[in-house]
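Readers should treat all values here as calculations from the given coordinates under stated rules, not as data from a laboratory. Quick caveat: nothing in here was measured; it's all calculated off a predicted structure. Here the Cβ is made from the backbone with ideal geometry for all residues, glycine too, and neighbour counts use every protein chain on show.
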């Protein structure tokens, strides 16, 4: 079934596919701000008034509100890359506003995230924000206790469940 498929990763022209998305579109960006922040505020207010009904309703409303908060962080992320609006000033202003809601200082995050992109995957320039990775040589030379700690740390349960709960 897959052998006859002609579009493989090697023969797809990825550059032409992503070209329409490489330039910020102010109208689309503004619409994303509206369709993220308006429902976020509506749900936030609804959560406040839902306390009179019961915590169960507040917690139920918290789920879509949390999803919108993730969208706000995604907007902040794109502003940090300078890719949400054409204007650097507009990106920085909106990014700073987003940072208030995500409890993430925008300018500090933008700087450390740029360092992350400059060093990610480069074991010669490991950054504090990277997932700690040992080379094979380092792992082989490590004492048994360090190997066990490393294996526990790199376990998906630790990386995707325990650490996010501890850090965020």
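Here are some values of semi-axes √(5λ) of the Cα gyration tensor in Å: [x] 28, 20, 14; [y] 34, 27, 20; [z] 73, 11, 10. Which one was computed from this structure?
[y]
Take the Cβ-Cβ distance between residue 138 and residue 14 as r, set R0 to 35 Å, and report the resulting FRET efficiency rounded to the nearest 0.05.
My answer for the efficiency is 0.55.
Can you sort 27, 147 from fewest to most other Cβ atoms within 10 Å of each residue's own Cβ?
The fewest-first ordering by Cβ neighbours comes to 27, 147.
Could you work out which residue, out of 110, 154, 71, moves most in a Gaussian network model of the chain, that is, has the largest mean-square fluctuation with Cα springs under 10 Å?
Residue with maximal mean-square fluctuation among 110, 154, 71: 154.
If I model a spin label as a point 7 Å beyond the Cα along the Cα-Cβ vector, how far apart are those points for residue 28 and residue 81 in nm?
Distance between label points: 1.3 nm.
Provide 17, 47 in ascending order of the number of other Cβ atoms located within 10 Å of each residue's Cβ, fewest first.
17, 47
Could you order the peptides 155-161, 36-42 from most to least packed, using the average number of other C-beta atoms within 10 Å per residue?
36-42, 155-161
Using only Cα atoms, what is the ratio of the radius of gyration of region 30-127 to 2.2 N^0.38 Å?
In units of the 2.2 N^0.38 Å rule of thumb, it is 1.32.
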